[in-house]
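Here's the structure we're looking at; comments come further down.
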Amino acid sequence: MRVVSICPSNTEILAYLDQLDVLVGVDDFSDWPTSIWSLPKVGPDLSIDMEKVEELQPDLVLASLSVPGMEKNIEALDERGLPYIILNPNSLEEIAHDIKTVGEALNLVQLGKEKSEGFLKEVAHLKEIASDRNTRPSLYWEWWPKPVFTPGKVNWLTEISELAGAENIFATENVASYQTDWEDVKARNPDHICMVWVGIKEAKMRPELVIKRPGWNEMKAVQNGNIHVLEESLFCRPSPRLLEGLKKLMEVI
């Protein structure tokens, strides 16, 4: 098969299935694993060049709706009559389901099933370990600084927090992504601040500016020096690599 992935998390699911050899093109932000770097690029995930996609003559396009605005890609795929499936998981269980779905789409039903079950077994094992922890530090995940966007209850980062033996301070909000403000974050007074600005490399994130926000010097996280710049590629993409991010999170908290 000839497959084009137009979202980084989709590319990483193919890698988890050990099926990167079917890839003939990827979006500009797909950067893992390094073996895909030489593949043709079809543009950033919010403005895919569908002419380039069509030129690659795909048997299947792995599309996504994980970011607002990706609907345009689906419309363009329909206009050109290109075959696609849409992946849009918000939870670890849904990621496991997508692993299975991609396996089925590649005519590798058994492989998809085995890899999906293996992922869920690893998650279950980590849950068991987390349940034995006595303390539960609170975490504030910052997806974007202004306006403030942060994951709510219906998001994989709330699950990742729990697996790390912690809790997301915005798990009170029954949404995948929640818009709030600096005052609200300050009032919830987290033990840790986790900076994972979507699409921004770690070198460009500046914790010293976070400290200067009005009243934030009074927060526990700031007073204890618990501001963490984390790789957004390990926390902001709904793929099996979230478990790699989890291991890093456990080290820092």
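The values are calculated or read from the model by the stated rules, or taken from the named source; none is laboratory data. If you're wondering where the values come from, they're calculated on a predicted model, not measured in any experiment. Cβ placement follows ideal geometry from the backbone for every residue including glycine, while neighbour counts extend to all protein chains displayed. Keep in mind that these areas ignore ligands, DNA and RNA; they rest on the heavy atoms of the full protein, side chains included. Shrake-Rupley method; radii C 1.70, N 1.55, O 1.52, S 1.80 Å.
Do any strands (runs of 3 or more DSSP E) lying entirely in the range 169-253 carry at least 3 residues that are in contact with a helix residue (DSSP H, G or I) (Cβ under 8 Å, 6 or more places away or on another chain), and which ones are they?
192-195, 227-229
Here's a check for you: in the range 232-253, which residue that is farther than 20 Å from Leu14 by Cα and of a type in the set (D, E, K, R) is surrounded by the most Cβ atoms within 10 Å (Cβ to Cβ)?
Looking at residues that are farther than 20 Å from Leu14 by Cα and of a type in the set (D, E, K, R), I get Lys248.
Pairs needed: first member in the range 131-153, more than 21 Å from Lys212 (Cβ to Cβ) and open to solvent by less than 10 Å² (accessible area, probe 1.4 Å); second member anywhere, β-branched (Val, Ile, Thr) and not in a loop (DSSP other than H, G, I, E, B); C-beta distance under 7 Å; at least 6 residues apart or different chains.
Listed by first residue and then by second, the contacts come to Pro151/Thr158.
Tell me which residues, restricted to the range 55-66, are in contact (Cβ under 8 Å) with a residue 24 or more places away in the chain and either open to solvent by 20 Å² or more (accessible area, probe 1.4 Å) or hydrophobic (A, V, I, L, M, F, W, C) (or both).
Leu56, Gln57, Asp59, Leu60, Val61, Leu62, Ala63, Ser66
Given (1) more than 27 Å from Asn10 (Cα to Cα); (2) surrounded by fewer than 17 Cβ atoms within 10 Å (Cβ to Cβ); (3) in contact (Cβ under 8 Å) with a residue 24 or more places away in the chain, identify the lone condition not met by Ile193.
(2)
Would you pick out the residues in the range 169-190 that are surrounded by 18 or more Cβ atoms within 10 Å (Cβ to Cβ), farther than 16 Å from Trp144 by Cα and either among the polar types (S, T, N, Q) or touching a Phe, Trp or Tyr at 6+ places or on another chain (Cβ under 9 Å) (or both)?
Pro190
Could you list, in sequence order, the residues of the range 43-58 that are assigned to a loop (DSSP other than H, G, I, E, B) and either in contact with a helix residue (DSSP H, G or I) (Cβ under 8 Å, 6 or more places away or on another chain) or over 17 Å from Ile13 (Cβ atoms) (or both)? Even if it seems obvious, please write down each step before you answer.
As a first pass, look at the range 43-58 and keep what is assigned to a loop (DSSP other than H, G, I, E, B): 43-49, 56-58.
Within the range 43-58, Gly43, Pro44, Asp45, Leu46, Ser47, Ile48, Asp49, Leu56, Gln57 meet the criteria.
Okay, residues lined up against (1) charged (D, E, K, R); (2) surrounded by fewer than 19 Cβ atoms within 10 Å (Cβ to Cβ); (3) part of a helix (DSSP H, G or I); (4) touching a Leu at 6+ places or on another chain (Cβ under 9 Å):
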residue	(1), (2), (3), (4)
Leu77	no, no, yes, no
Pro89	no, no, no, no
Ala96	no, no, yes, yes
Ile99	no, no, yes, yes
Gln110	no, yes, yes, no
Glu122	yes, yes, yes, yes
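Inside the range 18-42, can you point out the residues that are over 11 Å from Ser239 (Cβ atoms), open to solvent by less than 10 Å² (accessible area, probe 1.4 Å), touching a residue at least 24 places away in the same chain (Cβ under 8 Å) and assigned to a loop (DSSP other than H, G, I, E, B)?
Matches in the range 18-42: Val42 only.
For the range 203-227, which residues satisfy the criterion of being in contact (Cβ under 8 Å) with a residue 24 or more places away in the chain, exposed (fewer than 14 other Cβ atoms within 10 Å of the Cβ) and either closer than 18 Å to Lys248 by Cα or small (Gly, Ala, Ser) (or both)?
Gly215
Just to be sure I understand the filter: pairs with C-beta atoms under 9 Å, separated by 6 or more residues or on different chains, first member in the range 76-104 and farther than 12 Å from Ala63 by Cβ, second member surrounded by 15 or more Cβ atoms within 10 Å (Cβ to Cβ) and of a type in the set (Asp, Glu). Which pairs pass?
Arg80/Glu54; Pro89/Asp98; Ser91/Glu159; Leu92/Glu159; Glu93/Glu159; Gly103/Glu114
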